[in-house]
1. Please find, among Gly132, Gly107, the residue that is of a type in the set (Gly, Ala, Ser) and farther than 28 Å from Gln67 by Cβ.
2. What's the total number of residues in the range 99-138 that are among the β-branched types (Val, Ile, Thr) and without any contact (Cβ under 8 Å) to a residue 40 or more places away in the chain?
3. Out of all the residues in the range 47-87, which are of a type in the set (A, V, I, L, M) and closer than 18 Å to Asp123 by Cα?
4. Name the residues in the range 155-172 that are in a helix (DSSP H, G or I) and either exposed (fewer than 12 other Cβ atoms within 10 Å of the Cβ) or among the acidic types (Asp, Glu) (or both), would you?
5. Considering only residues of the range 282-329 that are among the hydroxyl-bearing types (Ser, Thr, Tyr) and more than 30 Å from Leu248 (Cα to Cα), which is modelled with the highest pLDDT?
6. Could you tell me which residue of the range 131-165 is nearest to Phe178 (Cα to Cα), considering only residues that are among the acidic types (Asp, Glu) and either at pLDDT below 85 or not assigned by TED's automatic domain parsing to the domain that holds Asn47 (or both)?
7. Looking only at residues that are of a type in the set (A, V, I, L, M, F, W, C) and surrounded by 13 or more Cβ atoms within 10 Å (Cβ to Cβ) in the range 41-74, which one is nearest to Phe178 (Cα to Cα)?
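The values are calculated or read from the model by the stated rules, or taken from the named source; none is laboratory data. This structure is a prediction, so every number in the text was calculated from the model and none was measured. Cβ placement follows ideal geometry from the backbone for every residue including glycine, while neighbour counts extend to all protein chains displayed.
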Amino acid sequence: EALIQSDLQLLLTRRTFFFLSHKDGKHLYIQQAAVFIEDAIQYRSINHRVDARSLRWYRWYYSRLCQWGLGIIIAIILGLAFIEEPSSLTYTSDIRYRPPPWKPPCGLTEGIEIICLCTLTVDVAVKSYLIGWDELRKTRWLIGYVLVIALSVIDWALSLSMQCTETIRVRRILRPFFLLQNSSLMKKTLKCLKRTLPEIASVIFLLALHLCLFTMFGMLLFAKTENSENNKEWEIYFSNLPKALNSLLVLLTTANNPDVMIPAYSRNRGFSIFFIIFSAIGTCFLMNLLTAIICNHFRGYLLVNLLSSPLQHPPQPHYGPVFLQTLQIIFRHYFTTVLGNGLALANVVCICTVLVLDSHKTVTERNDCLEVINCVFILLYLMEMSLKIFAHGVRGYLSYRSNLYDGLITLCLLQSTVPTHCSLGACHGCPLLTQGDGLNAEDKFHCVHRVLCCCVSHVTITSLSLYISHFF
């Protein structure tokens, strides 16, 4: 880069030499080389006219004087927002001493704006000439530039026709486009953001699922009880779905930490585990993961090849009958995985719906609808696991990390439903189920069971979203 800049300085010092007659084509080649070097240093496109006259105009247009002048025009048109009505630009923000803002007369800001728009029209005309008509049709930024100027002029004319009494000015929303269009670095930044958005969207999706599922977990854990003294956490933070979502969303930013956990912590210190796990996953892991993805993309060090490294899987089992071979092909298809992911998402939606409907009921007033739903979905999970084992074989099934997650979580869900149908007499001797809030052992067991089911569902959907993120 230092060598290029030194060569560029040498070429620029011979500017008078470049503008001599071009009977000898060698002079034109040197001028073209100088312009291309400038384009590379300034991150500009090289798709423009390269004849002698166009190059002189090109060098003049991108001279420091012209670019500074264009920057000042863009700054003026963006700065009009500070004085246009409605404006809050005063010397103090204290409402006790703040005088009414200055209201410019109709036509003052509009006059300044039309001068800026005319200058920008000349700018787009010069750019169109320099790159040519064929290249203009391919350049979306310049096409957008022309459309934004046209819409701004139309909106400006409507403002004057209405004597500046309009309530909506569309051109104000479009003004930042002038700044973006005039900066090559801003354009490249937007392109980098566009490439980063899929990964950002996957982490934000994972973060939203984490928030939603821990909200359901919290509504189960801090459900309304018969003892009003133990309902402080429920009343303040988890009485309904919007309040619970808002409480955990704020906790994700650590703004209400540890206030959100004080009522539950005063009742039982064990409840702090819920908030610790939530903050550890959301704040310490997912938020940092989001920051790391953005930084890696902007610095260009994201190692995508590590994520897409090939894995060796054992051979598939071979079945003799054609019918079994057809079933194996069907259940080996990627659509089966998508269907299983949709099944897990439907399970979460059903749990969320039941929680919202029962949010104002005590544990004793609630029915066993949630347990029935969980049993149905667990049977479906078992069926999915069995079909995958049939299609891939035992070794093939275990060679996929996603299948290991699904199988382990399915077995945990199955294990959590077995005690529901067993005698609850053994639970009366457990201190966790017999001390504290005045509930009988059966009610507490059902509450703990719901918490366990929701917790395992959270692990399911979290692992699901991790795999979905690879396909964004």
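1. On the way: Gly132 fails: farther than 28 Å from Gln67 by Cβ.
Criteria check complete, one pass: Gly107.
2. Initially, the range 99-138 is screened for residues among the β-branched types (Val, Ile, Thr), giving 109, 112, 114-115, 119, 121-122, 124, 126, 131.
From the residues that got through so far, the ones that are without any contact (Cβ under 8 Å) to a residue 40 or more places away in the chain too are 109, 112, 115, 121-122, 124.
Number of matching residues: 6.
3. Leu55, Leu65, Leu70, Ile72, Ile73, Ile74, Ala75, Ile76, Ile77, Leu78
4. Start the filter on the range 155-172 by keeping residues that are in a helix (DSSP H, G or I), which leaves 155-161, 170-172.
Those that are in a helix (DSSP H, G or I) and either exposed (fewer than 12 other Cβ atoms within 10 Å of the Cβ) or among the acidic types (Asp, Glu) (or both): Asp155, Ser161.
5. Thr326
6. The initial filter retains those residues of the range 131-165 that are among the acidic types (Asp, Glu), namely 134-135, 155.
Restricting the remaining residues to those that are either at pLDDT below 85 or not assigned by TED's automatic domain parsing to the domain that holds Asn47 (or both) gives 134-135.
Working: Asp134: 23, Glu135: 20 Å.
Among residues in the range 131-165 that are among the acidic types (Asp, Glu) and either at pLDDT below 85 or not assigned by TED's automatic domain parsing to the domain that holds Asn47 (or both), the one nearest to Phe178 (Cα to Cα) is Glu135.
7. Ile74
Residues checked against (1) of a type in the set (Lys, Arg); (2) modelled with pLDDT of 80 or more:
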| residue | (1), (2) |
| --- | --- |
| Leu28 | no, no |
| Gln32 | no, no |
| Phe36 | no, yes |
| Asp39 | no, no |
| Ser45 | no, no |
| Arg49 | yes, yes |
| Ala52 | no, yes |
| Trp60 | no, yes |
